[in-house]
1. Once amide H atoms are placed 1.01 Å from N in the peptide plane, what residues at a sequence separation of 5 or more from F141, or on another chain, have their amide H within under 5 Å of its amide H?
2. Computed from the mean reciprocal separation of all distinct C-alpha pairs, what Kirkwood hydrodynamic radius does region 50-185 have, in Å?
3. State to the nearest 20 debye the size of the charge dipole of region 50-185 about its Cα centre, where the only charges are +1 on K and R beta carbons and -1 on D and E beta carbons.
4. In sequence order, what are the phi-derived ³J(HN,Hα) couplings for region 13-25 according to the Karplus relation 6.51 cos²θ - 1.76 cosθ + 1.60 with θ = phi - 60°, rounded to whole Hz, with x for glycine and proline?
5. For region 50-185, give me the percentage of DSSP beta bridges that are antiparallel, rounded to the nearest 5 percent.
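Read-outs throughout are calculated quantities, based only on the coordinates presented, and are distinct from any laboratory measurement. In this text, all values refer to a predicted model and were calculated from it rather than measured experimentally. Note that each Cβ is placed from the backbone with ideal geometry, even for glycine, and that neighbours are counted across all protein chains shown.
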Amino acid sequence: MAEARAGTAGKGTYRVLAMIAILLALAVAVLAAGQLHLLDTAYARLFGPPDLGPVAFERLIRRASGNDALACPPGECGSAKVDIRPPTYAAAANELRQRVRRHFAGQGAELIAADDAELHDRFVARTPLLRFPDTVDVQIFPADAGHASVALYSRSQLGIYDFGTNLRRLRQLFEALGPGVASASLMRWRG
């Protein structure tokens, strides 16, 4: 009986490894052909739309798996565990929003939704090699006419672990926003 279960478990592992090998082979073929949009289309057909929808930062509930990352100013994300505490920037809210948008556009992320009243944007970003889709919510919080802060929640559509991709994405943004921000503001990543 135990041998039968071990054989079944081995077959399940083999199937998972075979599926990963097929996906990697498909990705390499698509990359070699320069047809990245085909990979995006394949993911959408297999796993659904890449956009995971909006989040409300004040009621945010993080995933139990390690495939998300959160940066949030104090008091804006309820009781959610925060990975990075962003500072208040010496920039008006709309200026900070444009800087964040330029950064994500430069990274190849697609702006999916924008709420001008709430200063809330949503992007779909993709990992560099296999182009796995991640949804990134961004909300700007004005402090006064010339100062603002930002909350970001980046989460993966696929898998239960992201190898630090979402946290790295947030760190890159904070490094781009200004000197000393990332080194002074990073908290230890939960994990």
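1. Long-range HN contacts for F141: S149, V150, A151.
2. 14.8 Å
3. 440 debye
4. Values per residue, Gly and Pro as x: 5, 4, 5, 4, 5, 5, 5, 4, 4, 5, 4, 5, 4 Hz.
5. Counting only bridges with both partners in region 50-185, antiparallel ones make up about 95 percent.
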